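Take a look at the structure below.
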Amino acid sequence: MKLTPHEFRSWQGRAITLLGMSGVGKTRLALLLRRHHWFHYSGDYRIGTRYMGEAILDNIKLQAMQVPFLRELLRSDAIHISNNITVDNLKPLSSFLGKLGNPELGGLGLAEFKRRQRLHHQAEVAAMLDVPDFIRKARDIYGYDHFVNDAGGSLSELDEPQVMETLARHTLILYIRATEEDEQELIRRAEADPKPLYFREEFLDEQLAAYLDEKGLPYAALIEPDDFVRWVFPRLFYSRLPRYQALADRYGYTIDSAQLARVRDEADFLELVEQAIAAAQ
């Protein structure tokens, strides 16, 4: 939603969606606001628990069934496997998404990788469309005054107009744009510790073809999974920047990661948002 500085200042029951790459400070800010009576809605947590919990568990069980000792215990219902995903530990979701490449090196075949990507896309769309209902629940059931939607870094990749229109009707969209210094730090982290990523299928097909050509590989099953993530992350990162900015320009406001890093409490944050609204006008 678009507001004047005065409207934002007097807004009762604020609801804000944080938009930006993973690592720019969205979750740190959401956790800070939790201490000031804001309801923290984690999009990734909702995806991993409500919409992909069964698929995540099935994948864990599939791996466990490869171990003879565990297979017999599972088949006889002697043991129980649960998904202990939390807002602070989303590794079960990340592990399910996986990395493309050689199965002998822990990678996924292209067809299975794309299947999981499609599941994640469907789940993220559904999780974002749940936001209005959770704003109501946060107020009516849990008694929270304000609401912060800690959206995943892939929100700009969904290409589902209904998602952004719904979020813009019910929340103020705030894009956290990485500074040039932070951009390089995020890329350095991805190179040091490559993690599973979500891709638009068109982008994936284009980049996969370029990678295979550059490396002289005939097909995806020969890819070293971590090497592909290191290679593709900067390309994914820079492809997302104009998409984030276009969403912010149309639906909301922009701050940068250096400004956010100086936020120490709720008052600092509200002042920063008010400045962003004023600057946009």
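Bear in mind that the values in this text are calculations on the coordinates, not laboratory data. Since the structure is predicted, the reported quantities are computational estimates derived from the model, not experimental observations. Every residue, glycine among them, receives a Cβ derived from its backbone with ideal geometry; neighbour counts consider all protein chains shown.
Assorted remarks:
- Mean residue ellipticity, 222 nm, helices only, the chain: the sum of -39500 (n - 2.57) across DSSP H runs of n ≥ 4, divided by residue count and rounded to 500, is -17500 deg cm²/dmol.
- Theoretical gain in end-to-end length, residue 61 to residue 266 [0.36 nm per residue, Cα-Cα removed]: 69.5 nm
- Each residue, residue 114 and residue 281, gets one label point 7 Å from its Cα in the Cβ direction; the gap between the two is 4.9 nm.
- Karplus (6.51, -1.76, 1.60) ³J(HN,Hα), θ = phi - 60°, over the range 104-117, in Hz, Gly and Pro reported as x: 5, 10, x, x, 10, x, 4, 5, 5, 4, 5, 4, 5, 4
- The chain - share of DSSP beta bridges that are antiparallel (%, nearest 5): 5 percent
- Close amide H pairs (under 5 Å, H built 1.01 Å from N) link residue 17 with 149, 172, 173, 174, residues at least 5 positions away or on another chain.
- Sorted largest first, extent of the chain alpha carbons per principal axis (Å): 63, 49, 32
- Of all lysines in the structure, the ones whose alpha carbon falls short of 23 Å from that of residue 215, not counting any fewer than 8 places away in one chain, are 99, 114, 195.
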